[in-house]
Amino acid sequence: MKSRKYKTKSGSSTPGFNKEVKNDSNQQFLNINSQTPSYGNFWQSENAGVAPNGPIPFNQTGPTAGGVSLLTPSTIGITEAGDYEINYIVTIIPPPNVTRLSVFLNNVEVPNFQTTFTTLFDDTGFLLEAYQVSGTAIISIPANSTLELRNTSGSVIAFFGRNLQANAAALTVIKLS
């Protein structure tokens, strides 16, 4: 059986991505050293209201791994440090005319509006049952952190899913590195 280790042009192995290829007449495979996946998927399937600066609650948990979990109905715990992709979407019932949502990391709003998204509803005679606010960002998260999605619009927001037989809110966390 032959075994080869791939090296970079400088002659050193690529950090975190060492490949070993073994060949024989019956078998060929790749051995790739990589990190353990960390992710979580959370959503709200019931109607709810959220006060100004209040956290969006989640009542359902999908697949989770690597230390990402729902600690309380509105707080996500993350045990492993790294860069994470955060995605969220919330279905809002008007009013208010302006809805603003932000991600808070360890009880502090992520700076520079990196995770803050808003929508402006202009009531000009259109019949609008609901609208959606969504956001996505990549942020660095330290070990043993908490994450919340909060209503930072200054007005109470109501969202619903049950009436439409759909999710009212969803948030996904995926570790990238």
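The values are calculated or read from the model by the stated rules, or taken from the named source; none is laboratory data. Being a predicted model, the structure only gives us computed values, none of them experimental. Using ideal geometry, Cβ is built from the backbone for each residue, glycine included, and neighbour counts are taken over all protein chains shown.
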Residue, nearest to Val156 (Cα to Cα), within region 73-101, restricted to residues that are modelled with pLDDT under 95 and among the polar types (S, T, N, Q): Thr99
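Considering each of Asn167, Asn106, Asn151 in turn, give the residue that is in contact with a Pro (Cβ under 9 Å, 6 or more places away or on another chain), at pLDDT below 95 and under 24 Å from Glu85 (Cβ atoms).
Values: Asn167 fails: in contact with a Pro (Cβ under 9 Å, 6 or more places away or on another chain); Asn106 fails: at pLDDT below 95.
The conditions single out Asn151.
Quick check on region 128-143. Is at least one of its residues polar (S, T, N, Q), assigned to a loop (DSSP other than H, G, I, E, B) and modelled with pLDDT of 85 or more? Spell out how you get there, then give the answer.
Pass one, region 128-143, residues polar (S, T, N, Q): 132, 134, 136, 140.
Those left that are additionally assigned to a loop (DSSP other than H, G, I, E, B): none.
No - not one qualifying residue is present in region 128-143.
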Region 43-90: number of residues that are farther than 22 Å from Ile138 by Cα and surrounded by 18 or more Cβ atoms within 10 Å (Cβ to Cβ): 3
